[in-house]
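Here, each number is a calculation from the coordinates, and none is a lab measurement. As the structure is a prediction and not an experimental result, all values here were calculated from the model. When we count neighbours, we look across all protein chains shown, and the Cβ atoms used for this are built from the backbone with ideal geometry, even at glycine.
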């Protein structure tokens, strides 16, 4: 699988280079137009990663157990202990089955089902990263669950004591492990750097105690508190012997860790369906920036939601990415990062035009309105993306059309009563090839057609209208259903051929 991933990434990288080849360097042998080629590669990658990310093994388990939506199964203590014993065979941890862990697991299975569902959804973004780092340091992969109980897999969460990030580093501990902070960044919120620091810290703690449960206790309470507890216990060397002498919060720390690991391993048996994950770690790419950039500029240039940029780049305290050495980077979906790479020069031009406009020089034949000049510069940069067009746009209604499945350039031109050539000129297109999700700028006297609204469904049933990027699996997850349950509600629908605008029954 990894070999294929590297092959696709290499293919995407080389395609970006082709897309930037200057016109004067093209030869008669350049028969494949680069832009459509990049689009094809990006769409292929998107489908590949979507299939990879949506391989839901839980669906078949829930279907086989014949659970109904919302059913809350319960299991005996003997079954839970048997499952913990099976987990113990695969880990150096001591996932002890005792009255304390059983009580905590029962609490989770009844009162923390929603938390486990959300954590499972967020795990798609972080667990691959965690496992890669844990393997690099030779640590047990079960430590990925530590971030679940520390932060709920939310990098921006801050405790009352001041601990911050996925791994809840205190300021001084973060500095000790090389996590920097200034007015613009806090690397305790950087998923990769904080995970690396957590691995080094956990390895250090295990080296001190030789027991993973005690190492977890020291991670929570600090080595000083654990050492005091060991002395007060008369020199005991296991967590459960030392536990009565630990701070109250730390007494519940390891049982919570065991319960989280257990519930996330056996979530399907408990009829817990993961929350829909917006993006999988495998669908991300990273680009480093040579200058300081506002996220708003990136959002404007490649039509990327600002909130998503912030969410995928939690290391930044504000929406400004500073110029630093080494260069600061931005992480995002493959297609967005690919666009930024292709438009990198335009990105810095647009940033300059928006945030550092040059004042206009007054002459007898020139307007002194510098704000109009700056606005004209911004408009031109945004419209052309690659700063190649200098033609003035018609003063008609400005429309942004998002390409839907099955549409071609001729249909879109007819819809807005313009020519194909005009649409190509306004969007700097060299061919008529377009792709699903592409955003086209159109100037037309005719406004976009008003969508006809359908009457609301009967109150007994609930329907969902398919949007761009939806899959049957995602729709099921979003509404806390398995694919099989959603299929039973929609017996006439083929799960692999749903279309944008189609109505799916979800209740």
Item to complete: Provide the FRET efficiency to the nearest 0.05 for the residue 460-residue 161 pair, computing r from the beta carbons and using R0 = 60 Å.
Response: 0.75
Worksheet, complete the sentence: With the 8 Å Cα cutoff and a minimum separation of six or more residues, the range 58-270 has a relative contact order in percent of 24 percent
Discussion item. I need the peptides 304-312, 210-218 ranked by packing, meaning the mean over residues of other C-beta atoms within 10 angstrom, with the highest value on top.
Written reply: 210-218, 304-312
Item to complete: Give the residues of the range 75-105 whose amide nitrogen is closer than 16 Å to a point set 7 Å from the Cα of residue 111 in the direction of its Cβ.
Response: 100-105
Practice prompt. Take the alpha carbon gyration tensor of the range 58-270, find the square roots of its eigenvalues, order them as a ≥ b ≥ c, and report rounded if a/c is under 1.5; if not, report prolate when a/b exceeds b/c, else oblate.
Written response: oblate
Worksheet entry | Whole-number percent relative contact order across the range 74-146, with pairs defined as alpha carbons under 8 Å at least 6 apart | 26 percent
Worksheet item: Given labels modelled 7 Å from the Cα in the Cβ direction, how far is it in nm from residue 327 to residue 175?
Response: 3.0 nm
Worksheet item: Counting pairs of alpha carbon atoms under 8 Å apart in space and at least six apart in sequence, what relative contact order in percent does the range 145-200 give?
Response: 28 percent
